[in-house]
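Everything on this sheet refers to the single structure shown next.
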Amino acid sequence: NKRDAGKGRPLIYALSLAVYCTSWTYFGGVGLAAQRGFEFLAIYIGPILVFTIGMPVIRRIVTLAKEEKLTSIADFIAARYGKNPTVAGIVALIAVIGTIPYIALQLKADTPFDSRFGSFFLTDISLIVALLLAGFAVIFGTRHADATEHQNGLILAVATESLVKLLAFTAVGLFATFFLFDGPADLFAKASQNETVVAAMSYETAPARWFVLILLSAFAIIVLPRQFHVTVVENRTESELRTARFLFPLYLIAINLFVIPIAVAGLLTFQGTGIGDQFVLLLPLAHDIPWLSLATFIGGFSAATAMVIVASVAVAIMISNDIVMPVLLRQNIIRRGGDLGDFTGTILIIRRTSIFCVMLLGYAYYRSANINAGLASIGLLSFAAIAQFAPALLGGLIWKQANARGAIAGLSSGMFVWT
């Protein structure tokens, strides 16, 4: 059984990387395409470039992380600067701040019709979803205090969810293309006669924006806490990276094949009513196909659940290792010199509490900010925050004169501008 599991591990590992495709991909990509045509592709060009021509950088990062037994992006960046605890703490804090809007995005996507039921019902449903997702994260991601130990159950769950969301999204795409219309030719023939569709598909994104979006997504595929966790911490062998090098880009292409057809079908069906983020759900509902509506919702919930579980686990590890535990040790609340077993209970309590706190902060952001922006806009907000890690990470890899004071100044000033 172990031998069979080992053979399938590269496939599971490659599929787990698709945790990158969250509700932003599942719902927000269609919403963005309904407004700005092909601009959504920039968010996937960056990762494809990194996992093809940029693979040597990923290999280097994975090798260094294994040699030094690093368990998070905060540990990795701090290790480039003499394991400076201040650098690690700042990175952990930025990771928390940058993850909160992304969690709010998942809550917004998973409760799309709440506004129809009034404020109290909205609060109730959103809070229940947040607590359920936090519970899943605790169950799957906090069984062991040793963060270097591979979490097979977590990665298998994420890989399974990657298949679910791909199949569900493809099903909606096939429905929109071949059942609502007589194939791509018919769909785009009717689209060419609709002013709203023509305006959206002919939208010209500025070259500078293309460059920035591609750059942000290229950084994000490495430095997002959840991506660093699945790509680096959960990597076991070189064969996993070889498989991921071609399978992950293929997955990104596959899940985006029907974005434009769904967006066009939604614009033609709903006459550009400004609900692009909900086209994936509304197309089956509008044509009274309950099984497809259910499958679509499950696919979207899978996309959100996978992201929230891995992101909250990754952030919780940083909170415990780089923020809370150093304070407890510095204040002599717990004594130094013990091995991991002495602190196991404390570490697990901190991580589980951190998961619920981060989830509730995401919920609070979702409620207090009264988010009306599209999913893509919220996702880019998080990308821009997490991208502050890239200069410190790359500088520490290639620049011998890089030092902790420079990293601290860069991270702090970058977050000041972001704020």
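Apolar share of the accessible surface for region 244-323: 72 percent from carbon plus sulfur atoms, 1.4 Å probe. Once the convex hull of all Cα atoms in the chain is built, its volume per residue stands at 152 Å³.
Glu68 sits with roughly 60 Å² accessible to a 1.4 Å probe, with DNA, RNA and ligands left out of the calculation. In terms of accessible area, using a 1.4 Å probe and ignoring ligands and nucleic acids, Cys357, Cys21 rank largest first as Cys357, Cys21.
Mind checking which of Asn235, Asn256, Asn194 has the largest fluctuation in a GNM of the chain, springs on alpha carbons under 10 Å? Of Asn235, Asn256, Asn194, the Gaussian network model singles out Asn194 as fluctuating most. Structure remark: mean-square fluctuation, Gaussian network model of the chain, C-alpha springs under 10 Å; the largest value among Pro290, Pro261, Pro85 belongs to Pro290. Computed over the chain with a Gaussian network model linking Cα atoms closer than 10 Å, the most mobile of Phe181, Phe40, Phe258 is Phe181. Here the label points at Asn152 and Ala254, each 7 Å from Cα along the C-beta direction, are separated by 2.4 nm in the simple model.
Label sites at Arg330 and Arg236, each approximated as a point 7 angstrom past Cα along Cα to Cβ, lie 3.8 nm apart.
Excluding same-chain neighbours fewer than eight residues apart, the lysines reachable from Lys400 by a Cα-Cα span under 29 Å are Lys66, Lys69, Lys83. Inter-label distance, Arg60 to Ala206: 3.2 nm, where each label sits 7 Å from its Cα along the C-beta direction.
Computed over the Cα atoms of region 8-81, pair by distinct pair, the Kirkwood hydrodynamic radius stands at 14.8 angstrom. Annotation: per residue accessible area for the chain equals 43 Å², rounded to a whole number [probe 1.4 Å, protein chains only].
The values are calculated or read from the model by the stated rules, or taken from the named source; none is laboratory data. None of these values were measured; they are calculated from a predicted model. Methodologically, a virtual Cβ is constructed for each residue, glycine included, from the backbone with ideal geometry; neighbour enumeration extends over all protein chains shown. Ligands, DNA and RNA are stripped out before the accessible areas are found, and what is left, the full protein with its side chains, is counted by its heavy atoms. Shrake-Rupley method; radii C 1.70, N 1.55, O 1.52, S 1.80 Å.
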